[in-house]
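What follows is one structure encoded as structure tokens, with my remarks underneath.
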């Protein structure tokens, strides 16, 4: 019989490897989150360089989100069965290959295909890395480890636009993918050296294929509907869905309700089938018995609510700063940097306090700070908003995120046995992805409806545009265009709404092509005054729309704080944790 007792030297080496392993795992998290934000910033350059249509280039991000969400639970389960470190390294290899090939893409079709490969790699990495953290750290070290994990997530979300802006400005979009490769090589070497293997002992290797198909396709339908509902229309078709020449056949009905309803039906079948397998004592893809653990059950509810609003205002604020305030992508990243700094300094502090206070008070205090910061930000948004005016509320917001995000995963996985860490982590990641997609859908709808309604109100209340029949004709022309224009208006799209000959916005040449009747009515108009009036109206409408998004985000985070009251405050003492892990 082999002894399992470690000498003092062996134990010390194991402790050192554990913390180096955390750095490697956090590096992978940083990589996956930042990649998504960098690509988002680079989309206009990608479209121009590859000569892609707007419909096709939107799939560069959409296909990634779809494949990532569809396969999370599958890879989490496979990590539990075949080994989490093994799957983690495989995920790094797949993500690296997808990154390199994305950078060398010669067509939009190739880029979309390689984004599928990237998404598969990211889905392999994300739940397995979190599962390894959950299985590796116990006692007071657990809070610190999850604090570092949460700190990494907050920093990545804030630094992504900054790095993306720098890459696009100083190099080209391809380096947004190439930059991943050396980081991946470093992570692979580190994983081989310091990350210990863990898996479910006695696993049969049985793979629930029907469950994988039902769950994956169901989640895919839901995520696609939420992401692209604003683009294609929630019921009536606003645009024709097409991919690689294949078009949606029903001109009068959007694909979105079919996608959402179909996804919902498949998810219902998935739940029924998985529960049936559990009742028969067979191995399901996702074990719904995990919800017997109070920390997991209420943790997922809180996590889902938080993600509805946590980063939605930052998304809308970035659009506002670039399209209306005229900041570059780099300047916008700098403006949001205080959020990253707040998370960077407070997440580890929150982790250290867990041993004294427990994780629940840390999460609650963080969410209260997030709510206060969001309310502050929302009330500050105006056409005169500057980057300097954002610093303090964003710093406070980062402090809240650093505390709450760092420990919510700690609570979610607190009572889950190690053997189920992979699939449990995949479940929490899936809830976060669905919540984020729903939040973006809500943000897009609010931006569109508020912007159009506020702009119409401003146009109708304008004294200048009501002063003569000629001005009134221009006003009616613009209102008519609003119904078919995009949901957000930067300088280019604002200029397209202006009548021919109007004063350029920030030096851009007029690009609008009015109807003949409008052209006939333009004589005698003060085009400089007209351009200034319309620009003022639309900038004010944008500010109103983003402000409304802020208040909705505040509501969701406040609701999440109320939900967090139901969370347990787990005992993370080493003895208690070890007993729980062996269940």
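Coordinate-derived values only; no laboratory data. Fair warning: this is a prediction, and the values are worked out from it, not measured in the lab. Virtual Cβ from ideal backbone geometry, glycine too; neighbours counted across all protein chains shown.
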| said: What whole-number volume per residue, in cubic angstrom, does the convex hull of the C-alpha atoms of the chain give? | reply: 152
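Convex hull volume of the Cα atoms in segment 183-319, per residue, in Å³? Don't jump to the answer; show the numbers that get you there.
On the way: hull volume 30.6 nm³, N = 137.
Hull volume normalised by residue count: 223 Å³.
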| request: Sum -39500 (n - 2.57) across every DSSP H segment of at least 4 residues in the chain, then divide by the residue count to get the 222 nm mean residue ellipticity, nearest 500. | output: -26000 deg cm²/dmol
| request: Take the Cβ-Cβ distance between residue 291 and residue 235 as r, set R0 to 35 Å, and report the resulting FRET efficiency rounded to the nearest 0.05. | output: 0.55
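Would you list 289, 450 from fewest to most Cβ contacts within 10 Å?
Values: 289 11, 450 19.
By the 10 Å Cβ count, ascending, the order reads 289, 450.
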| said: Using only the Cα atoms of segment 93-222, what are the Rg and Dmax in Å? | reply: 17.8, 53
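In whole Å, what three semi-axes, largest first, describe the equivalent ellipsoid of segment 327-443 built from its Cα gyration tensor (square root of 5 times each eigenvalue)?
On the way: eigenvalues 174, 65, 31 Å².
One finds semi-axes of 30, 18, 12 Å for segment 327-443.
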| field | Protection proxy ranking of 220-228, 293-301 - average other beta-carbon atoms within 10 Å, highest first | value | 220-228, 293-301
| task | For helix 527-564, report the angle its Cα long axis makes with the longest principal axis of the Cα atoms of the chain; keep it between 0 and 90° and round to the nearest 10°. | result | 20
| Residue-span extension gain [residue 379 to residue 93] - 0.36 nm each, minus C-alpha spacing | 98.4 nm
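With r defined as the distance between the Cβ atoms of residue 272 and residue 529 and R0 fixed at 56 Å, what FRET efficiency is calculated, to the nearest 0.05?
Working: r = 65 Å, r/R0 = 1.16.
The pair residue 272/residue 529 has a calculated efficiency of 0.30.
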| query | Any idea how far the Cα center of segment 332-381 sits from the one of segment 394-423, in Å? | reply | 13
| message | Which log10 I(q)/I(0) values does segment 420-466 give at q = 0.16, 0.18, 0.19, 0.23 Å⁻¹ under the Debye formula, counting every alpha carbon as one identical point scatterer? | response | -0.60, -0.66, -0.69, -0.79
| said: I'd like the projected area of segment 208-284, averaged over all directions, using the convex hull of its alpha carbons. Report it in nm² with one decimal. | reply: 5.5
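With the cut-off at 27 Å, report for segment 15-202 the share of all Cα pairs above it, as a whole percent.
Numbers: 4798 of 17578 pairs.
Everything past 27 Å amounts to 27 percent.
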| message | I'd like the orientation of helix 421-461 relative to the chain: the angle between its Cα long axis and the longest Cα principal axis, in ° from 0 to 90, rounded to 10. | response | 10
| In what order do 64, 178, 232 fall by count of nearby beta-carbon atoms within 10 Å, going from fewest to most? | 178, 232, 64
| Does segment 224-383 come out rounded, prolate or oblate by the C-alpha gyration tensor, with a ≥ b ≥ c the root eigenvalues, rounded set by a/c under 1.5 and, if not, prolate when a/b is larger than b/c and oblate if not? | oblate
| task | For residue 345 paired with residue 463, estimate the spin-label separation in nm (one decimal), with each label point 7 Å from Cα along the Cα-to-Cβ line. | result | 4.8
